[in-house]
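The values are calculated or read from the model by the stated rules, or taken from the named source; none is laboratory data. Quick caveat: nothing in here was measured; it's all calculated off a predicted structure. Virtual Cβ from ideal backbone geometry, glycine too; neighbours counted across all protein chains shown.
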Amino acid sequence: MSLHVAPGDSVVKGQAIASNSNLLMEEHGRLEAPFSGIVIGMSTLPAVQPGEPVVHIGRLPNSEVAKRHEKHVATDEIQRTALEHLAINIHVVEPFESPDQND
């Protein structure tokens with residue numbers, strides 16, 4: 001499993017939050033945010049079974065609120081430091097680009 005977000009990140013509906021892959025790192029599926037919100041927790045296990053929670057998202061009213069939160073975190077030194085400490089064991093990677101998305 002590859003994570004694309006960390007605790008405290010803002011996400012918008014449809015954003016890639018994690019990818020499932022096999023041992024050869026070939027992507028088999030992508031998990032997307034079901035709604036706009038803030039990442040409040042996540043699994044740090046390298047593998048999960050179908051149906052197990054991977055990322056916990058606190059719901060926000062809309063994507064504009066998520067964007068305001070992101071701007072606030074970028075300018076608040078204490079909050080940014082706290083989020084970095086929360087994500088100390090999380091390795092965030094960019095989502096794979098699937099060939100059919102480039103068309």
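Quick one: which of Val5, Val48, Val11, Val73 is surrounded by 11 or more Cβ atoms within 10 Å (Cβ to Cβ) and modelled with pLDDT under 75?
Val73
Return the total of residues in the range 34-48 being under 12 Å from Leu3 (Cα atoms) and touching a Gly at 6+ places or on another chain (Cβ under 8 Å).
Result for the range 34-48: 1.
Looking only at strands (runs of 3 or more DSSP E) that fall completely inside the range 1-47, which ones have 2 or more residues that are of a type in the set (A, V, I, L, M, F, W, C) and within 24 Å of His69 (Cα to Cα)?
Numbers: elements: 16-21, 27-32, 37-42.
Hits in the range 1-47: 16-21, 37-42.
Out of the residues in the range 30-45 meeting the condition of being of a type outside the set (Ser, Thr, Tyr) and touching a residue at least 40 places away in the same chain (Cβ under 8 Å), tell me which one is surrounded by the fewest Cβ atoms within 10 Å (Cβ to Cβ).
Step one: filter the range 30-45 for residues of a type outside the set (Ser, Thr, Tyr), giving 30-35, 37-42, 45.
Pick out the ones that are also touching a residue at least 40 places away in the same chain (Cβ under 8 Å) and you get 30, 42, 45.
On the way: Arg30: 16, Met42: 21, Leu45: 10.
The residue in question is Leu45.
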